[in-house]
1. Which is farthest toward the positive dipole end of the chain among 160, 18, 215, measuring Cα position about the Cα centre, with Cβ charges +1 (Lys, Arg) and -1 (Asp, Glu)?
2. As a test of the definition: which semi-axes, in Å, follow for region 72-146 when you take the square root of five times each eigenvalue of its alpha carbon gyration tensor? Largest first, please.
3. Report, for the chain, the % of DSSP beta bridges that are antiparallel, rounded to 5.
4. Leaving out ligands and nucleic acids, note down the accessible area per residue over region 94-141 with a 1.4 angstrom probe, in whole Å².
5. Which of the GluC sites (Glu not before Pro) found in region 11-69 are in a DSSP loop and have at most 12 neighbouring Cβ atoms, other than their own, within 10 Å?
6. For the chain, take the alpha-carbon Rg, divide it by the Kirkwood Rh, and send me Rg/Rh.
7. Which of the lysines could be linked to residue 151 by a straight reach, that is with a Cα gap under 25 Å, when you skip same-chain ones fewer than 8 residues away?
8. Leaving out ligands, DNA and RNA, what percent of the accessible area of the chain is carbon and sulfur, probe 1.4 Å?
Amino acid sequence: MTDRIIPLLDERVVAVRPPLPHELQAPDGRVADRLGRPLRDLRISVTDRCNFRCTYCMPKEVFDKNYAFLPHGDLLTFEEITRLARVFIDHGVEKIRLTGGEPLLRRSIERLVELLAVLTTRNGRPLDLTLTTNGSILARKARSLVDAGLKRVTVSLDALDDAVFKRMNDVDFPVTDVLDGVQAAAAAGLAPIKINMVVRRGVNDQEIVPLARHFKGSGHILRFIEFMDVGSTNGWRMDDVLPSAQVIQRLDDAFGVEPLDPNYVGEVAERWTYRDGSGEVGVISSVTQAFCRDCTRARLSTEGKLYLCLFAQRGYDLRNMLRTGASDAQMSTALGRIWQGRGDRYSELRSDETVRAKKIEMSYIGG
Ligand code: SAM
Ligand code: SF4
Ligand code: SF4
């Protein structure tokens with residue numbers, strides 16, 4: 001198939017428009033990319049908007065009142081998302097994560113959860129459906145999300161200290177409201193909850209031990225994420241990254257921790273446990289220990305572009321296919337071919353040059 005490259009807005013710059021395939025190929029659930037990696041996880045961004053302005057993700061100077069967020073008509077509808085989800089499942093996807101922007105800001109998100117929660121994998125198992133949120137309106141939404149069929153949730157929280165947290169979210173949002181959200185989610189049946197902390201050296205690394213102490217023994221799993229060079233607006237420098245090995249050292253000094261085996265091949269977080277048996281913690285070392293070799297993740301942007309890597313510079317316009325009358329079989333054939341051509345392994349190749357390259361923003365394709 002011949003790809004056509006079309007220019008789009010700003011950093012959402014270029015997208016490939018796959019033509020409608022004529023020769024069809026039935027999916028067998030085992031599609032593999034050029035490095036032999038299957039397609040197992042799909043992250044779906046449901047909005048590019050957010051009520052936070054985390055300095056490492058949506059810095060205020062860029063995402064201000066003049067920023068051109070996507071107009072409503074550009075967004076995939078819930079029916080379009082569900083249709084695409086089925087096509088991905090046919091190729092082997094078993095896990096779907098809703099993200100954003102802030103996914104709970106998408107109006108009637110529960111309706112989408114309802115539509116996805118009833119899908120099953122090729123083996124007839126329920127889909128592993130989860131959502132990543134900043135927790136700001138989780139206290140209000142937890143019950144309705146569970147009623148809609150959500151089973152798990154990940155909440156981002158970068159500090160326990162209010163002043164540090166407010167500096168990071170940059171909209172003066174208090175820690176207590178996020179903690180209330182975590183509590184409400186647990187009460188509604190979403191426990192154990194994963195809590196993600198992005199660590200920025202010199203900004204919030206002093207919060208590692210207090211956050212660990214807070215969640216130790218709660219049943220929730222705190223994970224420390226290395227600050228990544230996603231997008232082009234967050235001014236990333238290697239000096240800002242606190243390697244996970246140092247995070248573990250601090251946890252070991254404070255509490256005593258030992259490693260656990262991974263739950264499955266390709267698990268992104270490295271698992272650790274407190275020696276006193278009071279629970280699990282994890283580290284995600286995307287910068288210092290790239291895990292591209294086992295990366296089985298695809299990402300679907302808010303307006304239906306498929307990205308094969310978090311650091312991709314261009315996407316594949318699936319919405320155009322949907323809206324120009326492609327059949328499910330054509331969508332499936334096109335997706336299979338796109339995945340078979342995938343060779344992305346950005347984190348393994350990271351260099352000064354790639355860090356400076358123009359990349360899509362995290363708030364646009366989701367984490
Ligand atoms: N708004 C939701 C939230 O914050 O959980 C979902 C979207 S957010 C883009 C998904 C995850 O990406 C969050 O846990 C966030 O902390 C993380 N993230 C954003 N920018 C990052 C960066 N530059 N490096 C590492 N993680 C980042
Ligand atoms: Fe919003 Fe999440 Fe990005 Fe923070 S990390 S600005 S909460 S999308
Ligand atoms: Fe996957 Fe790309 Fe991240 Fe590597 S850099 S783990 S290929 S998303």
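1. 18
2. Semi-axes from the Cα gyration tensor: 22, 15, 10 Å.
3. Numbers: 18 of 49 bridges.
Among the beta bridges of the chain, antiparallel pairing accounts for roughly 35 percent.
4. Numbers: 1980 Å² over 48 residues.
Solvent-accessible surface per residue comes out at 41 Å².
5. 23, 61
6. Numbers: Rg = 19.9 Å, Rh = 21.0 Å.
Result for the chain is an Rg/Rh of 0.95.
7. Leaving aside lysines fewer than 8 places away in the same chain, those within reach of residue 151 are 95, 141, 194, 216.
8. The C+S portion of the solvent-accessible surface of the chain is 49 percent.
The values are calculated or read from the model by the stated rules, or taken from the named source; none is laboratory data. Keep in mind that what you see is a predicted model, and the values were worked out from it rather than measured. Counting neighbours? That spans all protein chains shown, and the Cβs are built from the backbone with ideal geometry, glycine included. The accessibility values were calculated without ligands, DNA or RNA, using every heavy atom of the protein model including side chains. Shrake-Rupley method; radii C 1.70, N 1.55, O 1.52, S 1.80 Å.
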